[in-house]
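Participant: Below is a structure I'd like to ask you about.
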Amino acid sequence: MTREVAGFDTISLEIDADGIAVLTLRRPDRLNAFTAEMLEELIAAFDLTDADDAVRAVIVTGSGRAFCAGADLSAGDTTFDYAANGDTPARGRYENGIHRDGGGLVTLRIFESLKPVIAAINGPAVGVGASMTLPMDARLATPDTKVGFVFARRGLVPDAAASWFLPRLVGLPTALEWSYSGRIFTTEEAMDRGLVSALHAPDDLLPAARTLALSMVSDSAPVSIALTRQLIWRMAGAAHPMDAHRADSRALEIQGASDDVREGVMSFLEKRKPVFPRKVSSDMPHIWEGQEAPEFS
């Protein structure tokens, strides 16, 4: 049985009985082009999935024949002129007089997700349509789908914190070549370079993403998954392994005394499936110390 979360216009959010949420971009007549409304709805959807303990993982896909064709260019040559478009362009918002990139707002929210996130790239993923997938934990795609970080061909620079995410996924030389040229490439190349982990026929894409999601979460403690996701993603940018050691040590001390660990050990010894009692919404420990507040909230 699947339930749909109401209240969205540019996306849909459905949650099945196994706790797999499918977030679908729904502007098929515009190839799911990114808008200000979609920006806000994506952030709201990830707020909901984090708060809902029934959700174990999130799959993001597109409706129709595209994943996301990038920013909506209906404003023409002023599309990226933030002063001309005021406070509501698809590309972001102003805070304290400083413009924030809209794609970055989305990717930072996905980066903070407490549930695993999988991209099921069902069609073209270009511009922000490509960069929004970078903080997701896996990217599956259909063969011959087109991908492109086309920003330099529009006179722009990569958005959505891609300059941080992309080199960590594919290495510096590939990130530079793709970003300099702005060329469109296939998902076969994306898989060869490590951006995409597997290719599936269109009808098999969502089932494969769901199978992968279940394999990640079905036998693991939700709080452990949430902490592990944050540890691995945050430590990708750490200056020294000591940063990881400090955070690991705090997490291991807290988790080691928890009911989750007691259940995990006893279920193993008793050869049964674990039933972990702790919830992400109420039982997440704080393991981060000594962090300075970022310039943006």
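Participant: For the chain, with every protein chain kept in place, what is the accessible area per residue (1.4 Å probe, Å²)?
Facilitator: Values: 14290 Å² over 297 residues.
Dividing the accessible area of the chain by its residue count gives 48 Å².
Participant: Express the carbon and sulfur contribution to the solvent-accessible surface of the chain as a percent, rounded to the nearest whole number, probe 1.4 angstrom. Write down the numbers at each step before the final one.
Facilitator: Values: 8040 of 14290 Å².
For the chain, the apolar C and S fraction of the accessible surface comes to 56 percent.
Participant: Right, another one. Measure nothing fancy, just the Cα-based angle from helix 222-235's long axis to the longest principal axis of the chain, in degrees from 0 to 90, nearest 10.
Facilitator: 50
Participant: Please find the FRET efficiency linking R154 to D204, where r is the Cβ-Cβ separation and R0 is fixed at 30 Å, and quote it to the nearest 0.05. Before the final figure, lay out each step's value.
Facilitator: Numbers: r = 34 Å, r/R0 = 1.12.
Given R0 = 30 Å and the Cβ-Cβ separation, E is 0.35.
Participant: Once phi is turned into θ = phi - 60°, what whole-Hz ³J(HN,Hα) does the Karplus curve with 6.51, -1.76 and 1.60 give for every residue of segment 138-145, x standing for Gly and Pro?
Facilitator: 7, 10, 9, 8, 8, x, 6, 5
Participant: Another question, if that's okay. Just from its helices, what would the mean residue ellipticity at 222 nm be for the chain, if runs of 4 or more DSSP H residues each count -39500 (n - 2.57) and the sum is divided by every residue, rounded to the nearest 500 deg cm²/dmol? Numbers along the way, then the final one.
Facilitator: Details: 12 runs with 120 residues, N = 297.
Theoretical 222 nm ellipticity from helices: -12000 deg cm²/dmol.
Participant: Hey, can you rank 246-255, 265-274, 188-197 by average C-beta count inside 10 Å, highest first? Can you show the working numbers first?
Facilitator: Working: 246-255: 15.6, 265-274: 10.3, 188-197: 17.4.
Put in order of decreasing packing, that is 188-197, 246-255, 265-274.
Participant: Taking the Cβ-Cβ separation of D219 and A44 as r and a Förster radius of 25 Å, what is the calculated FRET efficiency to the nearest 0.05? Don't skip to the answer; put the middle values down first.
Facilitator: Working: r = 30 Å, r/R0 = 1.20.
The calculated FRET efficiency here is 0.25.
Participant: Can you tell me the length gained on complete extension of the stretch L176 to E253, counting 0.36 nm per residue apart and subtracting the Cα distance?
Facilitator: Working: separation 77, 0.36 × 77 = 27.72 nm, distance 4.08 nm.
Separation in residues times 0.36 nm, less the Cα-Cα distance, equals 23.6 nm.
Participant: A further question follows. Please list, in chain and number order, the residues 5+ apart from G62 or on another chain whose amide H is under 5 Å from its amide H, with Hs placed from the backbone.
Facilitator: The list, which skips near neighbours in sequence, is L25, N122.
Participant: Between the helical axis of 259-269 and the dominant principal axis of the chain, each derived from Cα atoms, what acute angle in degrees is found, rounded to the nearest 10?
Facilitator: Taking Cα atoms only, the helix is inclined about 70 degrees.
Participant: While we're here: Collect residues whose amide H, placed 1.01 Å from N in the peptide plane, falls under 5 Å from the amide H of A71; neighbours closer than 5 in sequence don't count.
Facilitator: F34, V128, G129
Participant: Another question about this same structure. For segment 117-174 and segment 1-80, compute the distance between their C-alpha centroids and round to whole Å.
Facilitator: A separation of 17 Å, based on Cα centres.
Participant: Hey, got the dipole for the chain? About the Cα centre, +1 on K and R Cβ, -1 on D and E Cβ, debye to the nearest 20? Please report the intermediate quantities before stating the final value.
Facilitator: Details: 29 positive and 41 negative charges, 104 e Å.
Here the chain has a charge dipole of around 500 debye.
Participant: In whole Å, what are the extents of segment 216-297 along the principal axes defined by its C-alpha atoms, from largest to smallest?
Facilitator: If we take the Cα atoms of segment 216-297, the spans are 48, 25, 23 Å.
Participant: Report the FRET efficiency, 1/(1 + (r/R0)^6), for A239 and I98, where r is their Cβ-Cβ distance and R0 is 30 Å, rounded to 0.05. Provide the component values of the computation, followed by the final result.
Facilitator: Working: r = 26 Å, r/R0 = 0.86.
Given R0 = 30 Å and the Cβ-Cβ separation, E is 0.70.
Participant: Let me ask something else about it. What are the principal axis extents of the Cα atoms in segment 3-216, in Å, biggest first?
Facilitator: The Cα atoms of segment 3-216 stretch 46, 38, 30 Å along the principal axes, largest first.
Participant: Could you compute the net charge surrounding G237? Neighbours are other residues with a C-beta less than 12 Å from the C-beta of G237; K and R count +1, D and E count -1. Write out the running numbers ahead of the final one.
Facilitator: Values: positive: R168, R234; negative: D243.
Net local charge, G237 excluded: +1.
Participant: Taking only Cα atoms, what is the 0 to 90° angle, nearest 10, from helix 36-51's long axis to the longest principal axis of the chain?
Facilitator: Between helix and principal axis, roughly 0 degrees.
Participant: Where Lys and Arg each count +1 and Asp and Glu each count -1, what net charge lies around G19 among other residues with Cβ under 14 Å from its Cβ?
Facilitator: Summing Lys/Arg as +1 and Asp/Glu as -1 gives -2.
Participant: Determine ³J(HN,Hα), in whole Hz, for all residues of segment 176-187 in sequence, where each value follows from phi through the Karplus function 6.51 cos²θ - 1.76 cosθ + 1.60 and θ = phi - 60°; x replaces Gly and Pro.
Facilitator: Values per residue, Gly and Pro as x: 5, 5, 4, 6, 4, 6, x, 6, 8, 10, 8, 5 Hz.
The values are calculated or read from the model by the stated rules, or taken from the named source; none is laboratory data. Keep in mind that what you see is a predicted model, and the values were worked out from it rather than measured. Positions of Cβ are backbone-derived with ideal geometry, glycine not excepted, and every protein chain shown enters the neighbour counts. These accessible areas exclude ligands, DNA and RNA; they are computed on the full protein's heavy atoms, side chains included. Shrake-Rupley method; radii C 1.70, N 1.55, O 1.52, S 1.80 Å.
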